[in-house]
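Participant: A single structure is presented below for examination.
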Amino acid sequence: MKIGKRKATGREVDEAAIKRLEELQAKVHMDNVSAARNAASNLSWLQEDGYEILKEALLEGSSRASRIAAAYGLRKMRGRMKKKALELLEQGRKSRKKEIRNVCTRALELMAQRKQAEPSVPPGQELDGQPRKKQQKKKKRRPVLSRDRGPDRGLGRGPGRGLGRGPGRNPGRGRGR
């Protein structure tokens, strides 16, 4: 599918942003589902511009992979665009095209499952209403004994500790003396 040039909306800050949006738009329309989902996830962070690209990919995309990726990106929308993304998925559920309907229905089902799986507990509270206590990792400490501090123990200076001059310990000198 030939992707047309994106119209500038005035929100883009510079040429690099426009180029990045065009790259992401091209990646969403790829047949490789993994790359398309990755691009859709990146677009979900870009508010209006990302929403417009994902909307176009969902409703006018040619491949199934691009539609699935666009639905994924819309599911991952955050902030003020989340409501619009949800409305778009509801609109897609009523579409005449069976493939769009199926993708949107599945995306809405996944969102409902995720919402049910999340407990409705305020941060810092447990399910029983008691505040959470931060658990700290306990470090196991071994007591230092005086016998461990001998002349050739623990400091790495005795024979066989890497700094000694025993046979075979210094590979730079060759074999023997």
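Values in this text are rule-based calculations from the coordinates and carry no lab data. Remember, predicted model here, so these are calculated numbers, not experimental data. Cβ placement follows ideal geometry from the backbone for every residue including glycine, while neighbour counts extend to all protein chains displayed.
Participant: Could you list, in sequence order, the residues of the range 21-32 that are part of a helix (DSSP H, G or I) and crowded, with 16+ Cβ neighbours inside 10 Å?
Facilitator: If the condition is that a residue be part of a helix (DSSP H, G or I) and crowded, with 16+ Cβ neighbours inside 10 Å, then Leu21, Leu24, Gln25, Lys27, Val28 are the ones that fit.
Participant: Is there any pair linking a residue in the range 62-84 that is on the phi < 0 side of the Ramachandran plot and without any contact (Cβ under 8 Å) to a residue 60 or more places away in the chain to one that is among the basic types (Lys, Arg) and surrounded by fewer than 23 Cβ atoms within 10 Å (Cβ to Cβ), with Cβ under 6 Å and at least six apart or on different chains, and which?
Facilitator: Ala69/Arg37; Tyr72/Arg37
Participant: Being of a type in the set (Asp, Glu) and surrounded by fewer than 15 Cβ atoms within 10 Å (Cβ to Cβ) is the filter here, so list the residues in the range 53-101 that pass it.
Facilitator: Glu60, Glu87, Glu90, Glu99 - these are the residues of the range 53-101 that are of a type in the set (Asp, Glu) and surrounded by fewer than 15 Cβ atoms within 10 Å (Cβ to Cβ).
Participant: Additional query: Quick one: count up the residues across the range 33-46 that are touching a helix residue (DSSP H, G or I) at 6+ places or on another chain (Cβ under 6 Å) and not in a helix (DSSP H, G or I).
Facilitator: 1
Participant: Given the condition free of Cβ contacts under 8 Å to residues at least 12 places away in the same chain and surrounded by fewer than 20 Cβ atoms within 10 Å (Cβ to Cβ), answer yes or no: does some residue in the range 42-52 qualify?
Facilitator: Within the range 42-52, not a single residue is free of Cβ contacts under 8 Å to residues at least 12 places away in the same chain and surrounded by fewer than 20 Cβ atoms within 10 Å (Cβ to Cβ).
Participant: So which residues in the range 68-92 are within 20 Å of Asn38 (Cα to Cα), in contact with a Cys (Cβ under 9 Å, 6 or more places away or on another chain) and of a type in the set (D, E, K, R)?
Facilitator: none
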